[in-house]
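The values are calculated or read from the model by the stated rules, or taken from the named source; none is laboratory data. Keep in mind the model is a prediction, meaning the values are calculated, not measured. In this analysis, Cβ positions are derived from the backbone assuming ideal geometry, glycine residues included, and neighbour counts consider all displayed protein chains. The protein model used for the area step is the full one, side chains on, heavy atoms only, and it has no ligands, DNA or RNA in it. Shrake-Rupley method; radii C 1.70, N 1.55, O 1.52, S 1.80 Å.
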Amino acid sequence: MSTVRQIIQAVLATQRQIDDQMSKLQAYNSQVDKVMQQVQAELSDSTQQYSREMLDQLQQTKKQIDDTMNKLQAAKDKLTQVRTI
């Protein structure tokens with residue numbers, strides 16, 4: 001097998017791994033959304049600071065997931081560029 005074919009196969013394998021990780025992150029993000037909705041419903045009348053902190057932490061988690069997914073997509077895009085060279 002030529003070196004070029006090996007590189008292409010490695011790039012494709014890495015892209016599949018990125019897709020797999022993004023899929024897992026999307027599922028986790030959906031779970032975080034559900035938890036946020038439950039927390040908001042349960043604590044909607046609460047004036048306690050911890051309820052606000054909990055929601056803030058969940059929102060921060062969602063932002064980190066989104067940031068990670070954006071970085072994974074950028075890496076996948078770069079791999080696509082490498083593959084087309």
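Key figures
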| item | result |
| --- | --- |
| Potential lengthening between Ala75 and Asp20 on full extension [0.36 nm per residue; Cα-Cα distance subtracted] | 18.5 nm |
| Compactness of the chain as Cα Rg over 2.2 N^0.38 Å, two decimals | 1.61 |
| Residue-averaged 222 nm ellipticity for the chain, from DSSP H runs of 4+ at -39500 (n - 2.57), nearest 500 | -33000 deg cm²/dmol |
| In degrees, nearest ten, helix 49-84 long axis to first principal axis of the chain (Cα) | 10 |
| Degrees between helix 3-42 axis and first principal axis of the chain (Cα, 0 to 90, nearest 10) | 10 |
| Most positive-pole-ward Cα, Thr3, Gln15, Val32, against dipole of the chain from beta carbon charges | Thr3 |
| Solvent exposure of the chain as accessible area per residue, Å², 1.4 Å probe | 76 |
| Size of electric dipole in the chain: Cβ of Lys, Arg +1 and of Asp, Glu -1, about Cα centre, debye, nearest 20 | 620 |
| FRET efficiency for Gln64 and Gln6, using Cβ-Cβ distance with R0 set to 35 Å, rounded to 0.05 | 0.50 |
